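Visitor: Quick one: this structure, given as C-alpha cells, is what I'll be asking you about.
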Amino acid sequence: MRILLHRADGKTEPWLKDFSSCLPEAELAIWHAGEKNPPCDYAVVWSPPEAMLPELAQVKAIFNTGAGVDALLRYGDAIPREIPIVRLGDAGMGLQMAEYVTHAVLRYFRRFDDYERQARAGVWAALPPYRREDFAVGVLGLGTLGTRVIEALAPFGFPLHGWSRTEKRLDGVQCYHGANSLDTFLRASRVLVCMLPLTPETGNLLDRSNLAKLPAGAYLINVARGAHLAEPELLAMIRSGQIAAATLDVFRNEPLPAQHPFWQEPRITITPHVSALTLRRESVQQIADKIRRLERGQPVADIVDRNLGY
C-alpha cells in the first residue's frame, strides 16, 4: 500500500512520522511539485495545488486533513466522482470549537467586551446585565461540530436555535431547516454562530440582507469560512449598530492583510483561524483506521457528498 502526503503549509514530516507509526505496513511518499511519484493507493492532503490533480485522479480514495473540503471540491470533476473524498470527523476539533464559541457567547452575554473597553478608558461602572431569555443563540449548521457547540451551550440556559439544510431534531433546540425557514431562524437569533460548510449556496450568506434580519444589536461569530461573510457589509452593519460586535476566526484572505479595515474596528475580535486546530495524532489515527476499513472492503464514515458540498 502506498500513501501520498501533501500539506499546503509544507509541514509534512510530522505527519509522515505519525503515519509510519500508525500504518507501518504502508509505503509513504511526500508530494513535491515537478517530481513524478509511482502510483499511490491513497492520498492524504490539505489544500492541494492544481498540479497534483493527475495523481489525485488515480488513487482509491482521498483523505482531507480537515472538516472543510472546499479546497478539493473547487476542482470539480477533475477529481473523478468515483474516487471518494473523505473528510475528518471530529478528531478533537469538536471540543475546541465548543470552547471557542462558548467563550465568545459568554463574553458578549456577560458584557466582558464592554468592560474591556471601559477598563481601557479608566471607567469603573457596572453595566445593566442582559436577560438570559432574550439572548437566544442560533447556530447555522448542525453537523458534527455544530451539534457539539449546541451541547456545550445547553447548560447555560440560553434559548437555542439551529438551522440546517435538511430537517434535524435536537433535544432542547428549536430546529429550522431549508431556505423557507432561514428568515424566521435569523429573526430569532440574538447571537448568530456560523458553522456551515462552504458551498455555492452558502457563499456570501452573511450579507447585508440577512444580517439585517437579526435583532438589532445582535452578535456574530464566524468559525466556518471567510467566504460566508460579505466583509464590507458587516462593517457597515456594525457602524450602524445593527450588529453590536463580531468575533471572526476566518477570513477571505488569510493571513488577514495588515491594511484590512477589520483591524481598526474595536468591535471586531480577530483570531488567526485557531477555533479548531487539526490535532495531528488524532487525525492520523482516524485516517489510518479508515484506510484499513477500505482495504478490508468495509464502509467508512465522513465520505463527502459532492452534490451537497460536504
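Visitor: Any residue that is under 27 Å from I83 (Cα atoms) and surrounded by fewer than 20 Cβ atoms within 10 Å (Cβ to Cβ) - is there at least one of those in the range 247-261? Don't jump to the end; show me each part of the working.
Guide: Step one: filter the range 247-261 for residues under 27 Å from I83 (Cα atoms), giving none.
No, every residue in the range 247-261 fails to be under 27 Å from I83 (Cα atoms) and surrounded by fewer than 20 Cβ atoms within 10 Å (Cβ to Cβ).
Visitor: Answer with yes or no whether Y115 is assigned by TED's automatic domain parsing to the domain that holds D249, closer than 30 Å to V139 by Cβ and in contact with a Ser or Thr (Cβ under 9 Å, 6 or more places away or on another chain). Steps first, please.
Guide: Numbers: assigned by TED's automatic domain parsing to the domain that holds D249: yes; closer than 30 Å to V139 by Cβ: yes; in contact with a Ser or Thr (Cβ under 9 Å, 6 or more places away or on another chain): no.
Against the criterion (assigned by TED's automatic domain parsing to the domain that holds D249, closer than 30 Å to V139 by Cβ and in contact with a Ser or Thr (Cβ under 9 Å, 6 or more places away or on another chain)), Y115 does not qualify.
Visitor: Restricting to the range 292-310, what's the tally of residues that are surrounded by fewer than 16 Cβ atoms within 10 Å (Cβ to Cβ) and not basic (K, R)?
Guide: 9
Visitor: Also, I was wondering about something else. Does P49 satisfy the criteria of being of a type outside the set (F, W, Y) and either over 22 Å from the mean Cα position of the chain (by Cα) or farther than 18 Å from R74 by Cβ (or both)? Lay out the reasoning, then the answer.
Guide: Details: of a type outside the set (F, W, Y): yes; either over 22 Å from the mean Cα position of the chain (by Cα) or farther than 18 Å from R74 by Cβ (or both): no.
Taking the combined requirement at face value, the residue does not satisfy it.
Here's the yes/no breakdown for (1) part of a loop (DSSP other than H, G, I, E, B); (2) at pLDDT 95 or above; (3) over 28 Å from G297 (Cβ atoms):
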position: I3; (1), (2), (3): no, yes, no
position: S21; (1), (2), (3): no, yes, no
position: P24; (1), (2), (3): yes, yes, no
position: L28; (1), (2), (3): no, yes, no
position: H32; (1), (2), (3): yes, no, yes
position: C40; (1), (2), (3): yes, yes, no
position: A51; (1), (2), (3): no, yes, yes
position: G68; (1), (2), (3): yes, no, yes
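Visitor: So, one more: Name the strands (runs of 3 or more DSSP E) wholly inside the range 168-258 in which the number of residues that are out of contact with any Gly (no Cβ under 6 Å at 6 or more places or on another chain), assigned by TED's automatic domain parsing to the domain that holds I150 and farther than 23 Å from R111 by Cα is 2 or more.
Guide: Working: elements: 174-177, 191-194, 218-222, 243-248.
Hits in the range 168-258: 174-177.
Visitor: Could you tell me how many of the residues in the range 155-177 are among the basic types (K, R) and closer than 16 Å to Y310 by Cβ? Step through it out loud before you land on a result.
Guide: So the first thing to find is which residues in the range 155-177 are among the basic types (K, R), and the list is 165, 168-169.
Adding the requirement that they be closer than 16 Å to Y310 by Cβ leaves 165, 168.
Within the range 155-177, residues that are among the basic types (K, R) and closer than 16 Å to Y310 by Cβ number 2.
The values are calculated or read from the model by the stated rules, or taken from the named source; none is laboratory data. Please read these numbers as outputs of a predicted model, since none were measured by experiment. Heads up, the Cβs are rebuilt from the backbone with ideal geometry, glycines too, and the neighbour counts pull from every protein chain shown.
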